[in-house]
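Participant: Could you have a look at this structure, given as structure tokens, before my questions?
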Amino acid sequence: MASLMSRFFKFGSQNMAIDLGTANTLVYVQDRGIVLNEPSVVAIETINGIKKVKAVGEDAKMMMGKTPDSIEAIRPLRDGVIADIEIAEEMIKHFIRKVHGKRSLFRYPEIVICVPSGSTSVERRAIRDAASNAGASQVYLILEPMAAAIGADMPVTEPVGSMVVDIGGGTTEVAVLSLRGLAYTTSVRVGGDKMDEAIVSYVRRHHNLLIGDATAERIKKDYGIATIPADGIGETIHIKGRDLVNGVPKEITISQANIAEALSEPIGAIIEGVRIALENTAPELAADIVDQGIVLTGGGAMIQGLDEYLREETGLPVSVAEDPLSCVALGTGRAMEDPVYRGVLMTA
Ligand SMILES: Nc1ncnc2c1ncn2[C@@H]1O[C@H](COP(=O)(O)OP(=O)(O)OP(=O)(O)O)[C@@H](O)[C@H]1O
Ligand SMILES: [Mg+2]
């Protein structure tokens, strides 16, 4: 293992760390930092029965919900696991090629890629193989909550317990870390996607209005809030969609309090995951968490008032990481570069 690692660190500057997320994929290049950040979406076009990649990333996401029958915008990762391995591999290849540019031919990079802590060995092998097939000479894996914690500057190498809650698109991972290891981890299949779905179904149930996922996501990012606003109403939101009764486009108005109501179920599930993790944490580590508090990472951490709500529910200090959407990629990159984190990288 040690010789493997020293070989790894000797290599030049094109080694990469990849956060292959349900919603977004980020690529970190050694000594350069994050160089790519795009939605994990692939648009596939079928012509005469033959499938072809039409667009990947940002370009493909813009097509979501707006494609003609011959084009399908696919998210190859769902609920934090690979739903379509072939398309996922195409996506990884595309991003690696994009990062490498013209220099792609001179050698194959070594790649560190993060995997959900709850992934099975079959899923991990699938991710490894996809990265190998995409041109990696060697693939290392890192558990997502560990990467998130390193990226959030948490003291993961010390004999001190700390808790990270990474709220991604597909899953929320809750982990207690100490001495480069995960002392406890649990994963809830609730994240930003479930919040978007909750908004879609709220608007349909209460206003007979059909809206797309992209619209719901936009509303969540702009107005999403964990609890009813102090004045009981909050901001006013105009939403456009299709009327379910007569089929025509229409606009409705709802309040931010309505959004809090819509989000209460997914947010409740996240809080419940944290509660379960705390109940299962060894007493010495639990005592550390009282001092260290809980750090939130992932895009979902940016829901307004979520930190405050979690603070009230647990009685513990809660903070949001500085750049929640980048933590996992930064942490994966640091684990690749800094020997102090050796031991958190896995070969299988
Ligand atoms: N300002 C914001 N407020 C609320 N949610 C946000 C905000 N910005 C992004 N999000 C949501 O965060 C999610 C993406 O977060 P992130 O990139 O951490 O997920 P991921 O790593 O791709 O997913 P996973 O870790 O589950 O595989 C999306 O659902 C997105 O809508
Ligand atoms: Mg993630």
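Participant: Which one of these is out of contact with any helix residue (DSSP H, G or I) (no Cβ under 6 Å at 6 or more places or on another chain), surrounded by fewer than 17 Cβ atoms within 10 Å (Cβ to Cβ) and not polar (S, T, N, Q): D231, D193?
Facilitator: Answer to the selection: D231.
Participant: Across the range 112-129, what is the total count of residues that are away from ligand 1 (no atom under 15 Å from the Cβ) and not basic (K, R)?
Facilitator: 5
Participant: State all residues of the range 204-241 that are within 27 Å of the chain's Cα centre (by Cα) and part of a strand (DSSP E or B); if no residue qualifies, say none.
Facilitator: Listed by number, the residues that qualify are L210, I225, I237, I239.
Participant: Across the range 307-348, what is the total count of residues that are of a type outside the set (A, V, I, L, M, F, W, C) and more than 19 Å from the chain's Cα centre (by Cα)? If you could, list the steps in order and put the result at the bottom.
Facilitator: Restricting attention to the range 307-348, the residues satisfying the condition of being of a type outside the set (A, V, I, L, M, F, W, C) are 307-309, 311-315, 317, 319, 322-324, 326, 331-334, 337-339, 341-343, 347.
Still in the running and more than 19 Å from the chain's Cα centre (by Cα): 308-309, 311-315, 317, 337-339, 341-343, 347.
Number satisfying all stated conditions: 15.
Participant: Please go through (1) more than 16 Å from ligand 2 (Cβ to nearest atom); (2) within 25 Å of V35 (Cβ to Cβ) for A148 and return the number of the only condition it doesn't satisfy.
Facilitator: Among (1) more than 16 Å from ligand 2 (Cβ to nearest atom); (2) within 25 Å of V35 (Cβ to Cβ), the lone unmet condition for A148 is (1).
Participant: In the list S117, S137, which residue meets the criterion of being exposed (fewer than 15 other Cβ atoms within 10 Å of the Cβ) and either closer than 23 Å to G192 by Cβ or in contact with a Phe, Trp or Tyr (Cβ under 7 Å, 6 or more places away or on another chain) (or both)?
Facilitator: Values: S117 fails: exposed (fewer than 15 other Cβ atoms within 10 Å of the Cβ).
The conditions single out S137.
Participant: Now, a different point. Just to confirm my filter: which helices (runs of 4 or more DSSP H) fall fully inside the range 259-341 and include at least 1 residues that are within 30 Å of S201 (Cβ to Cβ)?
Facilitator: 306-314, 327-337
Participant: Would you pick out the residues in the range 186-203 that are touching a Leu at 6+ places or on another chain (Cβ under 7 Å) and among the charged types (D, E, K, R)?
Facilitator: none
Participant: Right, something else. Please state which of the following conditions E45 fails to meet, knowing it meets all the rest: (1) of a type in the set (D, E, K, R); (2) within 19 Å of Y140 (Cα to Cα); (3) modelled with pLDDT of 90 or more.
Facilitator: Going through the list (1) of a type in the set (D, E, K, R); (2) within 19 Å of Y140 (Cα to Cα); (3) modelled with pLDDT of 90 or more, E45 breaks only (2).
Participant: A further question on this structure: Conditions first: (1) within 16 Å of ligand 1 (Cβ to nearest atom); (2) free of Cβ contacts under 8 Å to residues at least 60 places away in the same chain; (3) farther than 16 Å from I167 by Cβ. A262 passes all but one, so which condition is the exception?
Facilitator: Status for A262: all satisfied but (2).
Participant: Could you check how many residues of the range 281-326 are buried (at least 20 other Cβ atoms within 10 Å of the Cβ) and at positive phi?
Facilitator: Selection size over the range 281-326: 1.
Participant: Also, I was wondering about something else. Among the residues of the range 33-66, count how many are polar (S, T, N, Q) and touching a strand residue (DSSP E or B) at 6+ places or on another chain (Cβ under 7 Å).
Facilitator: Of the residues in that region, 2 qualify.
Participant: Name the strands (runs of 3 or more DSSP E) wholly inside the range 67-165 in which the number of residues that are touching a residue at least 60 places away in the same chain (Cβ under 8 Å) is 2 or more.
Facilitator: Result: 110-115, 138-143.
Participant: For S70, work out the one condition from (1) within 28 Å of V200 (Cβ to Cβ); (2) buried (at least 22 other Cβ atoms within 10 Å of the Cβ); (3) modelled with pLDDT under 90 it doesn't fulfil.
Facilitator: (2)
Participant: Pairs needed: first member in the range 211-223, under 15 Å from M64 (Cβ atoms); second member anywhere, among the small types (G, A, S) and more than 16 Å from ligand 2 (Cβ to nearest atom); C-beta distance under 9 Å; at least 6 residues apart or different chains.
Facilitator: I211/G241; G212/G65; G212/G241; D213/G65; A214/G65; T215/G65; T215/G241; A216/A198
The values are calculated or read from the model by the stated rules, or taken from the named source; none is laboratory data. It should be emphasised that the depicted structure is a prediction, and the values quoted were computed from it without experimental measurement. For neighbour counting, all protein chains shown are included, and Cβ atoms are generated from backbone atoms with ideal geometry for every residue, glycine included.
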